[in-house]
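The values are calculated or read from the model by the stated rules, or taken from the named source; none is laboratory data. Computed from a predicted model, the values in this text were never measured in an experiment. When we count neighbours, we look across all protein chains shown, and the Cβ atoms used for this are built from the backbone with ideal geometry, even at glycine. In case anyone asks, the SASA skips ligands and DNA or RNA and just uses the protein heavy atoms, side chains included. Shrake-Rupley method; radii C 1.70, N 1.55, O 1.52, S 1.80 Å.
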Amino acid sequence: MKRIFLLVLSLVLLLGACGQKSPTWQEQYDLGIRYLSEGNYEEAIIAFTAAIEIDPKQAPAFVGRGDAYVGSGEAEEILEAALADYEAALALDEADAAAWLGKADILIRQGKYDEAAEALEEGLEKSGSDQTIADKLAEIREGKITDSSGHVRRKDGYDSSGTLVWYHVYEYNEEGKRSSITSYNAQGVQTGHMEYIRDEEGRMLNPETYNAETGELNGYGELEYNKEGQNVKYSYYTREGILAWYETREYGSNGKLVRSERYNAIENRIDDYTEYDDQGNRTKCTFFTSDGNIGGYHNYEHDSAGHEIKDSQYDANGKLIAYHVYLYDENGEFIGSETYDGDGSLQYSTGIEREGST
């Protein structure tokens, strides 16, 4: 941070040197935008600071510098500097939607989600119902809160009546990679915490698992990779650190998954194995009984886009027991499913209400 401010000071002094043509505010601002788009945050800060020195009444320059600060890291002093710039922009133009979004983004990164929502509500009013602010506010209310970098900062879980039951809070390191997860119940009482482990390539080695109803962390995985960077083994451990099961994975010459086998580590037996086609789509899963005999299998069908469209379940003798049909809209988005018994009679269906549907 000190280096950035020293560079800014040097730039300001250079601008004041005699014998040089003074650049315009717009030129410095455009330069800052270019550096920002290139990810050159230190140079962007210098350019935006120069623009502010030339004309301190231009709100976009403060917004630009705030964005550059955010891009340069998440140290608290950097976030505070960015917040000050967004507030300075709003003091100049209270209808500036980008400044309201920037302010809310800082509050989200600081874990102040309620304050972020309040800022967006105020921004929605002051900006004349700007759609980008409305979209961000809707995201927060839906319970999946992301920052401007696309990182999920908080995820909420609700019961069937829409009541908050649990939530997860994620933290990130200076490289922008997720570093930890903490689970809470609806009353804000911590129910679990886990630090992520990464290898030299930055790959996560211990993804978490949790109870979907309570949100409580109940175990974690352990990933192993080969020299080609392919995940060749996934081991699942309980919260107490006991190995419960593991899955081995084989890949073809094209790098696609061709077979996986899952073993019950506690009972020391195979649970199932799955086969895949040349595109990496699963085609068949055979599962076993506790005595090691085949208990049945599933056959899977896909469309040309790779979407799984049918799952047929058979018993050990090859008799069809039931099948599921998965439905997608014209954009390839999943919209629902239908379940039939072995005779083809519809048992039940589920659907996802889409925007604009009646």
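Before moving on, here are some points about what is shown:
- Centre-to-centre separation between the Cα atoms of segment 266-283 and those of segment 36-86: 51 Å.
- Note on L205 and L223: the model spin-label points, each 7 Å out from Cα along the C-beta direction, lie 1.3 nm apart.
- Neighbours of H302 by Cβ distance under 10 Å: Lys/Arg scored +1, Asp/Glu scored -1, total -2.
- In terms of packing, defined here as the mean over residues of other Cβ atoms within 10 angstrom, the peptides 109-118, 322-331 line up highest first as 109-118, 322-331.
- Reported label for calculated log10 I(q)/I(0) by the Debye sum over Cα atoms at q = 0.09 Å⁻¹ given (1) -0.60; (2) -0.50; (3) -0.75: (3)
- Whole-number percent relative contact order across the chain, with pairs defined as alpha carbons under 8 Å at least 6 apart: 5 percent
- Here the dipole of the chain is about 740 debye; that uses its Cα centre as origin and unit charges on the Cβ of Lys and Arg (positive) and Asp and Glu (negative).
- Value of relative contact order over segment 271-326, rounded to a whole percent, pairs C-alpha under 8 Å and six or more apart: 22 percent
- A simple count of charges around G128, restricted to other residues whose Cβ falls under 12 Å of its Cβ and scoring Lys, Arg +1 and Asp, Glu -1, yields -3.
- Inter-probe distance in nm under a simple model that places probes 7 Å from Cα toward Cβ, at E174 and S345: 6.6 nm
- Three-way shape call for segment 212-274 based on the alpha-carbon gyration tensor, with the a/c threshold at 1.5: prolate
- GNM flexibility winner over the chain from K284, K233, K319 (Cα, springs under 10 Å): K319
- Peptides ranked, highest mean first, by Cβ atoms within 10 Å: ranges 88-94, 22-28: 88-94, 22-28
- Cross-link pairs beyond the 27 Å C-alpha cut-off, checked among K103/K177; K155/K256; K177/K233: K155/K256
- Each Cα pair under 8 Å and six or more residues apart adds its separation to the average, and for segment 75-198 the resulting relative contact order is 13 percent.
- Cα shape, segment 38-172, gyration tensor, a/c 1.5 rule: oblate
- Legend: calculated FRET efficiency, E308 to A75, from the Cβ-Cβ distance at R0 = 56 Å, rounded to 0.05, equals 0.80.
- Gain on full extension, evaluated as 0.36 nm per residue between E38 and S290 minus their Cα-Cα distance, stands at 85.0 nm.
- Straightening the chain between E115 and H193 buys 25.7 nm, computed as 0.36 nm per residue apart minus the Cα-Cα spacing.
- Protein heavy-atom accessible surface, 1.4 Å probe, per residue over the chain: 56 Å².
- If you take the alpha carbon atoms of segment 217-358 and fit the smallest convex hull around them, that volume is 175 Å³ per residue.
- Carbon and sulfur %, accessible surface of the chain computed with the full protein complex present, 1.4 Å: 46 percent
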